[in-house]
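Q: Sharing a structure, written as structure tokens. Questions coming.
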Amino acid sequence: MEDYGSSDEDIYSSDQDSLDGLENDESDSQWGSSTGNSCKVITRESLLVAQREDLWRVTDLLSLREHHARTLLIHYRWDVERLLAVLVEKGKNCLFAEAGVPVLEEVDVESYVSSSTVMCDICIEEVAGSEVTKMDCGHCFCNDCWTEHFIVKIKEGQSKRIRCMAHKCFAICDEAVIRKLVSKRHPDLAEKFDRFLLESYIEDNKMVKWCPSIPHCGNAIRVERDEFCEVECSCGLQFCFSCLSEAHSPCSCWMWELWTKKCQDESETVNWITVHTKPCPKCHKPVEKNGGCNLVSCICGQAFCWLCGGATGRDHTWSSISGHSCGRYKEDQEKKSERAKRDLYRYMHYHNRYKAHTDSFKQESRLRETIKEKVANLESKDSRLRDFSWVTNGLYRLFRSRRALSFSYPFAFYIFGDDLFKDEMTNEEKEIKQHLFEVQQQQLEANVEKLSKAFEEPFDDYEETHIMEMRMQVLNLSVVTDTLCKKMYECIETDLLGALQFSSHNIAPYQSKGIERATELNGGRSAKANNIITCQKAHDQTNGGSIEFVQPSGCGTSDEIGCSSRKRTRKDSGGGFFDLNLPAELIDRN
């Protein structure tokens, strides 16, 4: 059997501890990506739980009513850390004023209710005291004017931040009042209003995004740390969280967008036309030359010179064409043609290798079932070998390395090209960095091919000693490909993207265990929320201040609220609408 562990570069490790470490580290991995706690799946049923988790943190810290806390969070795009930073830096009054939260004391509504009539400043009519509503900001208008105002704003798509009607008042209206008044006249709009408030947690939150699966699985993904990452939804789709396209690391999102457009549109067809054809001077259609004579005729009947594109007569001799002669060298046109040829050949070089590794990845993905059958055959035999996790671990190491290798070619096409980073590196620096990158790329490519070849062998028919040899070779190759992937990513992040001065490109970091699979969101307070509250309390006590903590309504568990793992489509809004000011237990009973 061929020694897959040998290499001219002498980069293989024979340290048994490192091999055992790899096997133990990945012994729990199954036929899929790694799992972790940094990203969560939010289903339609758990969306309310996820939103309330952030609401609890703000209501606990600032002793606010829930709709005021939601107004703050929507203004700061559900970024609790940013909200707390503004609170510490500018104070509570400035925090409230910027978000449109009234800072007045409790509004005395009874005085208006007890009054016989009140003048509405909008419609200039006398209305009964029971037919007016006063907002937290202190402005009071009749219910009809409020209702019309709310309906117009909801239809205009401004449901999440409906301001008071008073002139130069930037206070946000109480959502409970909006819901109460609108539901009397247009229940469907009230339902739409509630849905917008609920989905604002996803639409306005940069750390939460809908899964881009088609058809839509109904899930959203929330990440805790960095938005530049790659995740896997519970529906099985792996995607880039930043741009919602397929996972494309080590390409940046901008590079990947340009690359997909370049591969999909007719830009290279245009390049070919530029290189191999010339426009007719009469109809301007591209004409391809199919003979040796430089007198070319278009299908429209126009004759022209192939050398310069000028219109001519139809007669020509060995030395000249009737009515025309061109002897001047067109430097710009020749340079343009040569550059188009060079750009086309360069694109074909990188695209062919990208396509080859993408096709190999698709073919190797079909090995899952074959490998499962081989492992089942080995387990059915009467042998001392019972642990075959090295097979599954090595196979998924092959998938991850092949994917990274495939997307490294579009990255190299742009980082070493003249389009995006022309002024970032001198020609000498570019040549050195390109050489170092391509050396690492070629080393990774060589070992990925060896690992791929190993899995194509019928190892389920091998003898026990032969299988032990293959096990060591697969483990060794797995360690090597993982190490080389890490080195290539370090080169990209530090030496190439990290050295950029005029532009910024971010990529998802390399994960040895693969793209992280999002886990189901659990109900109740998270440890992160409790830690922030504890730290904020300690900060206030240190500064001599105090914050009164209140217990928010609806602190139920996921079972009480009714979270479930069932998935609905995004368009399904259920039978009714949520009253987000009600406790979670009451919502469940209703």
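The values are calculated or read from the model by the stated rules, or taken from the named source; none is laboratory data. Computed from a predicted structure; not experimentally measured. Positions of Cβ are generated from backbone atoms using ideal geometry, with glycine treated the same way; all protein chains shown enter the neighbour counts. Each accessible area value is taken on the protein alone, full model and side chains, heavy atoms only, with ligands, DNA and RNA left out. Shrake-Rupley method; radii C 1.70, N 1.55, O 1.52, S 1.80 Å.
Q: Of K433, K422, K487, K453, which residue is in the same structural domain as S383 (by the TED database), out of contact with any helix residue (DSSP H, G or I) (no Cβ under 9 Å at 6 or more places or on another chain) and assigned to a helix (DSSP H, G or I)?
A: Unique residue meeting the criteria: K453.
Q: OK, next. Step by step: first the residues of segment 362-417, then only those that are open to solvent by less than 20 Å² (accessible area, probe 1.4 Å) and not in a helix (DSSP H, G or I), then the one that is modelled with the lowest pLDDT. Which residue is that?
A: So, considering only residues that are open to solvent by less than 20 Å² (accessible area, probe 1.4 Å) and not in a helix (DSSP H, G or I), the one modelled with the lowest pLDDT is F388.
Q: Next up: Filter segment 128-171 down to residues that are of a type in the set (A, V, I, L, M, F, W, C) and open to solvent by 30 Å² or more (accessible area, probe 1.4 Å) and give me whichever is nearest to L73 (Cα to Cα).
A: Checked segment 128-171; the qualifying residue nearest to L73 (Cα to Cα) is F170.
Q: Something else about it: Kindly establish whether N352 is assigned to a helix (DSSP H, G or I) and surrounded by 12 or more Cβ atoms within 10 Å (Cβ to Cβ).
A: no
Q: Might you check whether a residue that is of a type in the set (S, T, N, Q) and at pLDDT 90 or above occurs anywhere in segment 154-171?
A: No, that holds for no residue.
Q: Kindly establish whether V177 is without any contact (Cβ under 8 Å) to a residue 40 or more places away in the chain, more than 19 Å from D204 (Cβ to Cβ) and either in the same structural domain as Y76 (by the TED database) or hydrophobic (A, V, I, L, M, F, W, C) (or both).
A: no
Q: Further, regarding this structure: Which count do you get for residues in segment 210-242 that are surrounded by 21 or more Cβ atoms within 10 Å (Cβ to Cβ) and either touching a His at 6+ places or on another chain (Cβ under 8 Å) or not in a loop (DSSP other than H, G, I, E, B) (or both)?
A: 8
Q: Checking R342 against (1) over 25 Å from P410 (Cβ atoms); (2) open to solvent by 80 Å² or more (accessible area, probe 1.4 Å); (3) not hydrophobic (A, V, I, L, M, F, W, C), only one condition comes out false. Which one?
A: Of the numbered conditions (1) over 25 Å from P410 (Cβ atoms); (2) open to solvent by 80 Å² or more (accessible area, probe 1.4 Å); (3) not hydrophobic (A, V, I, L, M, F, W, C), the odd one out for R342 is (1).
Q: Here's another thing I want to ask about it. Look at segment 243-272 and say how many of its residues are at pLDDT 90 or above, open to solvent by 30 Å² or more (accessible area, probe 1.4 Å) and outside any helix (DSSP H, G or I).
A: Looking only at that region, the number is 4.
Q: Quick one: in segment 30-62, which of the residues that are part of a loop (DSSP other than H, G, I, E, B), hydroxyl-bearing (S, T, Y) and at pLDDT below 85 is nearest to F239 (Cα to Cα)?
A: Filtering segment 30-62 for residues that are part of a loop (DSSP other than H, G, I, E, B), hydroxyl-bearing (S, T, Y) and at pLDDT below 85, the one nearest to F239 (Cα to Cα) comes out as S33.
Q: If a residue has to be among the aliphatic types (A, V, I, L, M) and open to solvent by 10 Å² or more (accessible area, probe 1.4 Å) to count, how many in segment 63-90 make the cut?
A: 7
Q: Taking segment 138-155, which residues are under 39 Å from the mean Cα position of the chain (by Cα), farther than 17 Å from G100 by Cα and of a type in the set (F, W, Y)?
A: Within segment 138-155, none qualify.
Q: In segment 491-511, which residue that is assigned to a helix (DSSP H, G or I) and among the aliphatic types (A, V, I, L, M) is surrounded by the most Cβ atoms within 10 Å (Cβ to Cβ)?
A: Restricting to residues being assigned to a helix (DSSP H, G or I) and among the aliphatic types (A, V, I, L, M), the top hit is I492.
Q: Looking at segment 150-165, I want the residues that are in the same structural domain as D188 (by the TED database) and among the hydrophobic types (A, V, I, L, M, F, W, C) and have a partner that is part of a loop (DSSP other than H, G, I, E, B) and surrounded by fewer than 18 Cβ atoms within 10 Å (Cβ to Cβ) with Cβ atoms under 7 Å, at least 6 apart or on another chain. Which pairs are those?
A: Going by the 7 Å Cβ cut-off, the qualifying pairs are I151/H186; M165/I122.
Q: Still on this structure, I have one more. Return the residues of segment 176-197 that are part of a helix (DSSP H, G or I), open to solvent by 10 Å² or more (accessible area, probe 1.4 Å) and either within 25 Å of L95 (Cα to Cα) or not charged (D, E, K, R) (or both); say none if nothing qualifies.
A: Result: A176, V177, L181, S183, P187, L189, F196.
Q: Looking at segment 35-47, which of its residues are open to solvent by 10 Å² or more (accessible area, probe 1.4 Å) and closer than 28 Å to F228 by Cβ?
A: Listed by number, the residues that qualify are T35, G36, N37, S38, K40, R44.
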